[in-house]
Amino acid sequence: MRALYGACTSALLTTAVTRQSSLFSASKQQPCQQLRGGAISAKGGMAVATADDQRLKKGIAEFYDESSGVWENIWGEHMHHGFYDPDTVVQISDHRSAQIRMIEQALQFASVPEDSQKKPKSIVDVGCGIGGSSRYISRKYGAECYGITLSPVQAKRANDLAAAQGLANKVSFEVADALNQPFPDGKFDLVWSMESGEHMPDKLKFVSELARVAAPGGTIIIVTWCHRDLSPGEESLRPEEKRLLDKICDAFYLPAWCSTSDYVKLLESLSLQDIKSADWSENVAPFWPAVIRSALTWEGLTSLLQSGWKTIRGALVMPLMIEGFNKGVIKFSIITCRKPE
C-alpha cells in the first residue's frame, strides 16, 4: 500500500512540478502577475491597482483557507518561523519551542515592559493566522487581544482554539483587511505583525494603519520577509534576484518586496520614535529545511496531497526560500518603533 501511495505521490508531484514550471513561464496566467516586480522603493510605487489588490486579497484568503489545517496538523498553532541560535544542530522537537522563542525575542527586542503598571493591556495581531501569537501574548500579559486575518477558515479556527483554551473572554478574531482595520484610532498598547507585512501591496498604507491604531506611547512590532538593502548607486535588485523573488511571489501570493531600510524610511516619514531594526536571517536558517523535511514525512505528504493545488504549489517553492536566504537576497527582518505620547 505504501509503495503504491509512494508511486502515486511521485507521479502527482512530478505533474505538479511540470505545471508549476508552465505557470512560471506563462506570466499572463499568474494570479499575481501585476503584483510582482522584485523590489520597490519607499519613495513610491508601493500601491497596486484596485482590481489587482482585490485579486491578491482573494488569493491570500484562499491560500490560507486551504493550507492552514495542513500547517497546524504538522507544526501546531504558530504559523511563523522559529528563532534559533546560529550554527546549532537542531532536533525536530526544538522547532515548536523555537517558534515561542521567536515571539519572546521580538517582545524583548522591542523592550515591551512586563511590570504590571506598564505592560500592554490591549493588543492587535495583524495577520493573526490561527491565533497562536495572540493567545500566547494574551496569556503573558493578561491582555485583551484582537486578531485579524483575510481567511475565514483561520478566523473560525482561531476563535475555536481560544474557546478551547479558556481565552474566549480575552481573545477574539475576525476577518478584516490590515490596510483598513475595523478599529478606532489609538486603541492598542501593542501592535503586532508577525510575518504578514510581506503580503501587503501598499507598504505605506500598511504601516500607516499600524500607527493609526496604536495608542500614544504604544509599541509597534513588524517581523517580516524583506529583500536585501540596495547598495549605494543601485536602483533595483539584479534581474536574477527579481526572477527568484517573482517565483516565490507567484506561489505565496505576495506583491513586490521591499527592504528593511524601506520600512525604516516609512516609519520615519510618519514621525514614529525609537525606530530600530535587525536582520535575523541567521537565526531562522534551520526553519525552511525543517519544513521541507516535515513535508516529506508520511503525515506531511498525506496532508499536502489532500490540501489542494495552492498548498502544493507553495510547497514546491520552499527550496527557493532557502536559495534566497543563502544568496543573501531574502532577509528575515524585525522593525520596531513607538508612537509618540
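For the reader, a short list of remarks on this structure follows.
- For the set LYS121/LYS331; LYS140/LYS170; LYS58/LYS265; LYS119/LYS140; LYS57/LYS187; LYS203/LYS242, the pairs lying more than 20 angstrom apart at their alpha carbons are LYS121/LYS331; LYS58/LYS265; LYS57/LYS187.
- Remark on the range 184-262: Rg and Dmax equal 14.8, 43 Å (Cα only).
- Restricting the calculation to Cα atoms, every distinct pair contributes to the Kirkwood radius of the range 126-241, found to be 15.3 Å.
- Of the solvent-accessible surface of the range 201-341, computed with a 1.4 Å probe over protein heavy atoms with every protein chain present, carbon and sulfur atoms account for 53 percent.
- Over the C-alpha trace of the range 149-205, radius of gyration and Dmax come out as 12.8, 37 angstrom.
- By a 1.4 Å probe calculation restricted to protein chains, SER271 has an accessible surface near 80 Å², given to the nearest 10.
- Surface composition of the range 42-151: carbon plus sulfur atoms hold 50% of the accessible area, using a 1.4 angstrom probe and ignoring ligands, DNA and RNA.
The values are calculated or read from the model by the stated rules, or taken from the named source; none is laboratory data. Keep in mind it's a predicted model, so treat the numbers as computed, not measured. We work out accessible area using only protein heavy atoms, side chains counted, and drop any ligands, DNA or RNA first. Shrake-Rupley method; radii C 1.70, N 1.55, O 1.52, S 1.80 Å.
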